[in-house]
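Where a number appears in this text, it was derived from the coordinates with a stated rule and is not lab data. In this text, all values refer to a predicted model and were calculated from it rather than measured experimentally. Glycine also receives a Cβ, built like all others from the backbone with ideal geometry; neighbour counts cover every protein chain displayed.
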Amino acid sequence: MTTRPAVVLTPCPDGPILVRGDVEIRDAAGRAVPRRRATVALCRCGASGIKPFCDGSHKAIGFRTDDEVPRPPEPVPGGDPR
Ligand code: FES
């Protein structure tokens, strides 16, 4: 049986980060930002008019991401056994 994590963050290619789960979002001053949905999209392009949430402006500005997750290097045969 697998358990589901309490919070899941999913970066959308060329778009926001989806936040699913019970998490409190705060502004830069530490004030709680009300959320009305269980899943919200946080802006990561900087162009949203409703920060911290995404309003779709990333499309208009042509925001692009590089969502490749770096992988650890492959072990070298005969290399350091640490
Ligand atoms: S990521 Fe959508 S408006 Fe910034």
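Data table
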read-out	value
Nonlocal amide H pairs with residue 53, under 5 Å, H built at 1.01 Å	43
Hypothetical label at residue 36: residues of the stretch 49-68 whose amide nitrogen lies under 17 Å (7 Å Cα-Cβ projection)	49-56
Residue of 12, 54, 43 that the Gaussian network model of the chain assigns the largest fluctuation, springs spanning Cα pairs under 10 Å	12
Under the Karplus curve 6.51 cos²θ - 1.76 cosθ + 1.60, θ = phi - 60°, whole-Hz ³J(HN,Hα) for the stretch 54-60, x wherever Gly or Pro sits	7, 10, x, 4, 4, 5, 5
Mean Cα-pair separation over length for the chain, i.e. relative contact order, pairs under 8 Å, 6 or more apart, %	25
Max mean-square fluctuation residue, GNM over the chain, Cα-Cα springs under 10 Å, options 34, 13, 52	34
From phi via Karplus (6.51, -1.76, 1.60), per-residue ³J(HN,Hα) for the stretch 31-40 in Hz, x at Gly/Pro	7, 5, 9, x, 10, 10, 10, 6, 10, 10
Relative intensity, log₁₀ I(q)/I(0), of the chain from a Debye sum that treats every alpha carbon as a point, q = 0.11, 0.14, 0.17, 0.19 Å⁻¹	-0.45, -0.63, -0.79, -0.90
